[in-house]
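**Student:** Here it is, the structure, as structure tokens.
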Amino acid sequence: MNEQQQGRRLPTGVLAGLAALVLVAGGSTAWLVRNSQTTSEVPIVTPTVIPTTIPTVEPTETPTLPVQPTPATPATQPTQPAAQPTAQIFWLRDTGTSTELVPVPIAQNKADKADANLQVAFNNLLAGPTDTANSSAIPQGTKMRSLAVKNGGVYLDLSRDFKTGGGSSSMIARLAQVLYTATSLEPNAKVWISVEGEPLELLGGEGLEVPQPLTRDIFRKDYSL
């Protein structure tokens, strides 16, 4: 029996080889397992997000141009109507050394035409002065037969009484009163004087020559009071 048991035992070398083979197989298996785990467990790398900073754009300041101040508009003054000349009556006044013409304005209607205002002036002139300091060389009873303002001139037609009485000084004085009253609205106007419809060429007994038309400038050159 001992020989049968010894016959069944494996040699020691075989056992040692088997043990070594088992160890090698076990080590290979362990390596494969580890390698498989390492391969399957690949770390996932999370990408690093780099924050992008958008540069702040500073607003560009537009240069401000200097604004010229608007000049203040002056307050509009209401337009004053042009002053209308006033008809005047010319009286005589003795200064002691000479005789002067004294103008006296009359009330008039501004809506009336020039001839209407002059007619009012002559009505007062031919009626005579009310102020005792003034006088007139025009004979009482003298009438204005017609009066017209046209073509830049004044046309007068007086009654025959205008030629009566007095000497040369009186004739010059009455001529001055009529001329200056007729040109009170327009001092440079020309005046045509008639008596009973006829042009007045000679005045008084001494034959004082009267130019036609007559103006203030002509009177100052040719006559003196």
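Any read-out appearing in this document is the output of simple, stated calculations on the displayed coordinates, not a laboratory observation. In this text, all values refer to a predicted model and were calculated from it rather than measured experimentally. Positions of Cβ are backbone-derived with ideal geometry, glycine not excepted, and every protein chain shown enters the neighbour counts.
**Student:** Compute the relative contact order of the range 88-222 as a whole-number percentage, counting only Cα pairs closer than 8 Å that sit 6 or more residues apart in sequence.
**Tutor:** After rounding, I find 21 percent.
**Student:** Here's another thing I want to ask about it. Can you count the Lys pairs in the range 88-222 with C-alpha separation below 27 Å, eight or more apart or on different chains?
**Tutor:** For the range 88-222, qualifying lysine pairs total 14.
**Student:** Along the positive direction of the dipole of the range 116-173 (beta-carbon charges: Lys, Arg +1; Asp, Glu -1; about the Cα centre), which of Leu147, Val120, Ser170 reaches farthest?
**Tutor:** Result: Leu147, furthest along the dipole toward the positive end.
**Student:** Turning to a different aspect of this structure: Could you list log10 I(q)/I(0) for the range 132-194 at q = 0.14, 0.18, 0.22 Å⁻¹, which the Debye formula gives when each Cα is one point scatterer?
**Tutor:** Once normalised to I(0) and log-transformed, intensities are -0.42, -0.68, -0.96.
**Student:** Over the range 88-222, consider all pairs of different Cα atoms and compute the Kirkwood hydrodynamic radius from their mean reciprocal separation; express it in Å, one decimal.
**Tutor:** 15.0 Å
**Student:** With a 10 Å radius around each residue's Cβ, average the other Cβ atoms per peptide and rank 136-143, 174-181, highest first.
**Tutor:** Going by the mean number of other Cβ atoms within 10 Å, highest first, we get 174-181, 136-143.
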